[in-house]
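Notes to accompany the following structure.
Just so it is clear, none of the values below were taken in a lab; they were calculated from the coordinates. In this text, all values refer to a predicted model and were calculated from it rather than measured experimentally. With ideal geometry, Cβ positions are generated from the backbone for all residues, glycine too; neighbour counts draw on all protein chains shown.
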Ligand code: SF4
């Protein structure tokens, strides 16, 4: 976004500074009558030192601090937080400047603090097991609205964030440009400097964008929500499969892993009677043995829908054949279910829960 000094001095018309790249801030500096290096200083204050008061940015001239006062830093505000009974998971409800609400989740495990960021308000992909899908698509989040979830959660939780997953509300690859720009800002060595291996973008399988991501050679990790062992089964719960066919998706994944030489994470939400038979396990082993991957099985977290979570015994029956699989398998016994912060539960009951 390019800045113009010609804008009226109405703060509502100014973009928030969180979300602006170093080049944007250099342009802003020049527009405000300062040399471009002031923009780099501003970048350092915002992203590395995480100072959110212009008057505390002590190496900026007072005249520039004054001019900056018409800008806000944060595009989001926290409305509410909710903790799981174990206190290890917190769900945050945030609002955009236009009053739209989104959710982000913080999960703690040993030395790790992982946040799950939203990239859209609602989602158009319409997976039948997902709470967000019920909202429909509302809007893409801006780069600032994506990355400010990181700032707000870190500040409020008093925890250093070690990992970020783009797996909250929305499909990151249907907001590709902003999601990638936010990941780059998280990773920027002169700013937040979060390692690329600690940033995961999770997609429902937008094949064109997987190809683009492969071609652009981004260093971030990629995860795919597969959720089925064959085309028809996946189509039943993920209508996107109609155009993004199972076979074409697998081909795109293979090209990605071959070209990037990176291991991809295959997410598999396990739903009773839908995709949890032994036949599914065996088929998955056959398919995934040809791909450099890790399988992450996520027993379904029940929301207000027709789907059920398999029993613990059923989960173990599904997992058993994987004992000798040639790829790692993990199970996410999803955290935070008591606050509806498990996988696929974001956006559920937002309004009731926080009233
Ligand atoms: S699971 Fe992800 S892609 Fe599917 S509807 Fe929910 S938010 Fe969208």
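Report, please, the projected area of the chain averaged over directions, based on the convex hull of its C-alpha atoms, in nm².
Values: hull surface 72.7 nm².
Projected area, direction-averaged: 18.2 nm².
Between the range 233-307 and the range 89-121, the C-alpha centres lie 25 angstrom from each other.
Cα convex hull, the range 174-292: 103 Å³ per residue, rounded to a whole number.
For helix 176-187, report the angle its Cα long axis makes with the longest principal axis of the Cα atoms of the chain; keep it between 0 and 90° and round to the nearest 10°. Between the helix axis and the principal axis of the chain, the angle is about 70 degrees. Shape verdict for the range 8-104, please, from the Cα gyration tensor: rounded (a/c under 1.5), prolate (a/b greater than b/c) or oblate. Judged from the Cα gyration tensor, the range 8-104 comes out prolate (a/c at least 1.5, a/b above b/c). In the chain, helices alone account for a calculated mean residue ellipticity at 222 nm of -8500 deg cm²/dmol, with every DSSP H run of four or more residues adding -39,500 (n - 2.57). Counted residue by residue at 0.36 nm each, then reduced by the alpha carbon distance between them, the extension gain from residue 97 to residue 289 reaches 64.5 nm. Counting every pair of alpha carbons in the range 95-156, the share spaced more than 17 Å apart comes to 46 percent. The alpha carbon gyration tensor of the range 11-68 gives principal lengths a ≥ b ≥ c with a/c below 1.5, which makes the shape rounded.
Based on other C-beta atoms within 10 Å, arrange 263, 309 from fewest to most.
Taking fewest neighbouring Cβ atoms as first place, the list is 263, 309.
The angle between the Cα long axis of helix 246-260 and the longest principal axis of the Cα atoms of the chain comes to about 60 degrees, rounded to the nearest 10.
Return 100, 57, 169 ranked ascending by Cβ neighbour count within 10 Å, so the fewest neighbours appear first.
Values: 100 14, 57 20, 169 26.
Exposure proxy ranking, most exposed first: 100, 57, 169.
Here each label is just a point 7 Å from Cα along the line to Cβ, and for residue 236 and residue 110 those points are 3.7 nm apart.
Relative to the longest principal axis of the Cα atoms of the chain, the long axis of helix 22-31 makes an angle of roughly 20 degrees. A simple spin-label model places the labels of residue 278 and residue 66 7.9 nm from each other, with each point 7 Å out along Cα-to-Cβ. Across all Cα atoms of the range 30-159, the radius of gyration (one decimal) and Dmax (whole number) stand at 17.7, 55 Å. Arranged from fewest to most other beta-carbon atoms within 10 Å of their beta carbon, 45, 333 become 333, 45. Spin-label model, residue 212 to residue 37: label points 7 Å out along the Cα-to-beta-carbon direction sit 3.7 nm apart.
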